[in-house]
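Quick notes on the structure that follows.
The values are calculated or read from the model by the stated rules, or taken from the named source; none is laboratory data. All values reported here derive from a predicted model rather than from experimental measurement. Neighbour counts are summed over all protein chains in view; Cβ atoms, including those assigned to glycine, are modelled from backbone coordinates with ideal geometry.
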Amino acid sequence: MRVYGRFELPPDKAVLHRKAVRLEWWTIAFFAAGVALLAVTLGQSQAMKAAWIEDMLGVVPPAAFLVADRYRNRRPNDRYPYGYHRSVSIAFLAGSVTVLGLGGYVVTDSLLRLITRERPPIGLVEVFGYRFWLGWLMIAVMLATMVPAILLGRAKVRLARQLHDKVLFADAEMNRADWLTAGAAVLGVLGIGAGLWWTDAVAALVIGGDIMRDGIRTTRSAVADLMDERPSVVDGSGPHRLPDELLAAVRDQEWVADAWLRLREEGHVFIGELLVVPRPDTDRLLDRLATLEKFARDFNWKVHDLVIAPVDRIEVDRDDDAR
Amino acid sequence: MRWLVAAGAAALLSFAGGCTWPQDAGTTLDDVRGGVLRVGVSEDPPWTHVADDGTPTGAEVRLAQRLAQRLGARIQWCPGSESALMPALKDRVLDLVVGGLDAAAPWTAEVSLTRPYVTMRTVVAVPPGTTVPDDLSGVRVGVRAGTAEVAALAREGAQVVALPEVTGRERMPVVVGEWRLQELGLTPLAHDLSRHDHVWAVPPGENAWQVEVERFLLELSHPEVTRLLAEAEAAP
């Protein structure tokens with residue numbers, strides 16, 4: 001058996017991955033521009049501060065993705081015999097915690113503003129000799145930052161599902177959070193203009209709650225990944241079908257009497273152990289095991305680094321309801 | 001989510017309906033127009049000065065009077081320190097606070113500062129016929145005691161001469177606001193000692209009122225404010 005093999009995405013997925021890397025660089029550029037633009041229009045208003053801080057945090061998931069991208073394909077070595085796939089899981093955790101933190105910030109900030117009955121002041125602004133209400137400029141900037149966030153987020157969700165890339169997925173969530181808060185800020189500023197000081201804080205509160213829920217879900221999913229939970233689909237909504245399908249296929253081999261499989265997720269790929277009980281008088285066992293290993297790898301591109309052990313029987317020692 | 005959209009639509013409708021935009025969170029502009037304008041004054045000559053009998057004078061007092069006239073309002077003056085006036089302004093007991101406020105004033109958590117309406121420079125100026133190198137190190141410079149400019153001068157290495165009052169007859173370079181140059185017949189040196197962006201303070205969230213005040217202030221020209229300051233200096 002060949003060990004320390006390098007993992008490569010299949011060609012069609014590699015193309016998608018390169019596209020994702022490009023998208024992430026665009027995202028960073030877009031957030032940097034957004035931060036600069038907002039810094040200029042921010043003024044004294046507390047209303048836009050959440051959106052501004054959000055734009056700063058928005059750089060974390062794409063940065064985590066790009067850093068993980070540097071590591072994930074490295075060949076396993078004596079020091080890291082399992083390879084570097086987990087770097088993707090770590091990036092996923094970093095991205096998820098960022099989304100959660102952002103939601104928490106927006107919620108506490110807007111709650112505080114409601115409780116202290118803070119009334120946001122928005123006065124006049126002068127641009128190129130034209131004097132007008134600063135609120136209009138804020139709304140224009142917000143709408144301008146919303147468009148790329150929507151487009152980038154949508155493109156990333158699609159890629160994330162195809163690549164089974166949870167970091168990318170968390171980042172897409174972040175983009176969604178971004179344009180939602182921007183939208184809330186627009187409504188808030190309009191409300192302030194109408195003399196309803198509380199609209200701003202209430203809109204931010206609702207959106208912040210939504211972002212926090214997303215953050216909790218993705219953080220749970222990231223922690224579960226690091227706990228070697230059974231593989232789940234990219235948005236964490238349920239178990240992945242691959243382990244059951246693979247086990248069924250292995251059991252269908254005519255020389256296999258019984259089999260047992262456990263897989264864990266390491267970034268893009270699934271890694272684990274397969275126990276097989278050969279039927280009595282199976283000949284050429286080593287050949288058959290080698291063929292089975294190749295079969296499992298070819299079964300799906302995500303199957304990587306599967307250790308196969310022949311055993312004489314499998315006893316499942318399950319004395320409670322833990323699943 | 002639906003009610004958010006509804007709120008946005010309502011805001012847009014009220015705008016389309018021709019109401020003033022933006023509107024106050026309270027009713028300040030409506031109350032002031034044709035009513036009483038309650039102005040807090042903190043002492044900062046020549047911007048503001050409160051005489052012993054309580055009568056306020058100064059450049060910003062004149063400006064506030066003009067604003068009141070424009071709105072058909074009667075002014076009620078309330079002298080006090082900034083720390084006393086700002087909390088009152090926050091709770092809309094006052095409608096406006098003036099007193100040479102700087103845009104960098106630390107009151108933004110309580111009140112709303114307007115857009116800066118004028119930038120005034122503090123300069124080192126010399127009597128005509130005197131030549132002074134641009135580098136001030138070692139040069140004797142007169143400055144009013146107890147001002148931030150004393151430290152600024154010291155940082156530039158000048159020999160500070162602290163005076164109770166700068167009169168322009170000291171026969172040495174002195175630190176003055178740019179509005180005094182003409183009156184005292186002094187020539188400013190090339191670089192400024194400090195610059196201050198001047199603002200007024202209004203209650204937070206009273207955006208119709210704030211926009212009205214800002215519109216009034218931004219119509220002022222720099223020479224106009226300089227003239228008012230010079231007049232205030234000249235007054236006894």
Need the failing condition index for A:LEU196 against (1) within 12 Å of chain B (Cβ to nearest Cβ); (2) closer than 23 Å to A:VAL147 by Cα; (3) hydrophobic (A, V, I, L, M, F, W, C), just the number.
(2)
With touching a residue at least 40 places away in the same chain (Cβ under 8 Å), within 14 Å of chain B (Cβ to nearest Cβ), crowded, with 21+ Cβ neighbours inside 10 Å and touching a Gly at 6+ places or on another chain (Cβ under 9 Å) as the only criterion, which of A:ALA201, A:ALA222, A:ALA185 stands out?
A:ALA201
Looking at (1) without any contact (Cβ under 8 Å) to a residue 12 or more places away in the chain; (2) within 14 Å of another protein chain (Cβ to nearest Cβ), which is the only condition A:GLY238 fails?
(2)
Matching residues in the stretch B:141-157 (hydrophobic (A, V, I, L, M, F, W, C) and free of Cβ contacts under 8 Å to residues at least 24 places away in the same chain) number 4
Subset of the stretch A:135-175 (residues that are surrounded by 20 or more Cβ atoms within 10 Å (Cβ to Cβ) and of a type in the set (Lys, Arg)):
A:LYS156, A:LYS166
I want to confirm something. Restricting to the stretch B:183-209 and keeping residues that are among the acidic types (Asp, Glu) and within 14 Å of chain A (Cβ to nearest Cβ), which single residue is surrounded by the fewest Cβ atoms within 10 Å (Cβ to Cβ)?
B:ASP197
Name the residue, out of A:GLY191, A:GLY153, that is more than 27 Å from A:ALA94 (Cα to Cα), in a helix (DSSP H, G or I) and either within 14 Å of chain B (Cβ to nearest Cβ) or touching a residue at least 12 places away in the same chain (Cβ under 8 Å) (or both).
A:GLY191
Conditions (1) in contact (Cβ under 8 Å) with a residue 60 or more places away in the chain; (2) in the same structural domain as A:HIS164 (by TED's automatic domain parsing); number of the one not met by A:ARG217:
(1)
Please determine, by comparing only the residues of the stretch A:257-270 that are at pLDDT below 90 and of a type outside the set (D, E, K, R), which one is farthest from A:LEU242 (Cα to Cα).
A:GLY267
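Rundown of residues vs (1) at pLDDT 85 or above; (2) closer than 17 Å to A:ALA155 by Cβ; (3) in a helix (DSSP H, G or I), yes/no style:
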{"site": "A:HIS17", "(1), (2), (3)": "yes, yes, yes"}
{"site": "A:VAL35", "(1), (2), (3)": "yes, no, yes"}
{"site": "A:ALA39", "(1), (2), (3)": "no, no, yes"}
{"site": "A:GLU54", "(1), (2), (3)": "no, no, yes"}
{"site": "A:ALA64", "(1), (2), (3)": "yes, no, yes"}
{"site": "A:ARG74", "(1), (2), (3)": "yes, no, no"}
{"site": "A:PRO81", "(1), (2), (3)": "yes, no, no"}
{"site": "A:ILE90", "(1), (2), (3)": "yes, no, yes"}
Taking the condition of being touching a His at 6+ places or on another chain (Cβ under 7 Å) and over 19 Å from A:THR218 (Cα atoms), how many residues in the stretch A:141-166 meet it?
0
Taking the stretch A:298-317 and the residues there that are in contact (Cβ under 8 Å) with a residue 24 or more places away in the chain and assigned to a loop (DSSP other than H, G, I, E, B), the one that is surrounded by the fewest Cβ atoms within 10 Å (Cβ to Cβ) would be A:VAL316
When you check B:GLN76 against the structure, is it part of a strand (DSSP E or B), without any contact (Cβ under 8 Å) to a residue 60 or more places away in the chain and either farther than 25 Å from B:GLU219 by Cα or of a type outside the set (A, V, I, L, M, F, W, C) (or both), yes or no?
yes
Would the stretch B:40-48 turn up any residue that is surrounded by fewer than 14 Cβ atoms within 10 Å (Cβ to Cβ) and either at pLDDT 95 or above or under 16 Å from B:GLY99 (Cβ atoms) (or both)?
no
Filter pass, B:GLU212 being of a type in the set (Asp, Glu), buried (at least 17 other Cβ atoms within 10 Å of the Cβ) and more than 14 Å from chain A (Cβ to nearest Cβ):
no
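Residues are listed down the side, and each one gets a yes or a no for (1) within 24 Å of the chain's Cα centre (by Cα); (2) at pLDDT below 90; (3) not assigned by TED's automatic domain parsing to the domain that holds B:ARG227:
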| position | (1), (2), (3) |
| --- | --- |
| B:GLY138 | no, yes, yes |
| B:VAL141 | no, no, yes |
| B:ALA151 | yes, no, yes |
| B:VAL161 | no, no, yes |
| B:PRO164 | yes, no, yes |
Out of all the residues in the stretch B:79-89, which are in a helix (DSSP H, G or I), under 18 Å from the mean Cα position of the chain (by Cα) and not polar (S, T, N, Q)?
B:GLU82, B:ALA84, B:LEU85, B:MET86, B:LEU89
Please determine, by comparing only the residues of the stretch A:128-149 that are without any contact (Cβ under 8 Å) to a residue 60 or more places away in the chain and more than 27 Å from B:LEU217 (Cβ to Cβ), which one is farthest from the other protein chains (Cβ to nearest Cβ).
A:VAL147
I need the full set of residues from the stretch A:66-121 which are within 14 Å of chain B (Cβ to nearest Cβ) and in contact with a Ser or Thr (Cβ under 8 Å, 6 or more places away or on another chain), in order please.
A:PRO120, A:PRO121
Being in a helix (DSSP H, G or I) and either closer than 27 Å to A:ASP228 by Cβ or under 30 Å from the mean Cα position of the chain (by Cα) (or both) is the filter here; which residues of the stretch A:266-297 pass it?
A:LEU289, A:ALA290, A:LEU292, A:GLU293, A:LYS294, A:PHE295, A:ALA296, A:ARG297
Of everything in the stretch A:245-284, what is within 15 Å of A:LYS302 (Cα to Cα) and β-branched (Val, Ile, Thr)? Give them in sequence order.
A:VAL269, A:ILE271
Exactly one of A:VAL88, A:VAL97, A:VAL106 is of a type in the set (Val, Ile, Thr) and within 18 Å of A:ALA184 (Cβ to Cβ), and that one is A:VAL106
Exactly one of (1) free of Cβ contacts under 8 Å to residues at least 24 places away in the same chain; (2) among the hydrophobic types (A, V, I, L, M, F, W, C); (3) buried (at least 20 other Cβ atoms within 10 Å of the Cβ) is unmet by B:ALA109. Its number?
(3)
Looking only at the stretch B:89-99, decide whether some residue is more than 14 Å from every other protein chain (Cβ to nearest Cβ), under 17 Å from B:LEU228 (Cα atoms) and not small (Gly, Ala, Ser).
yes
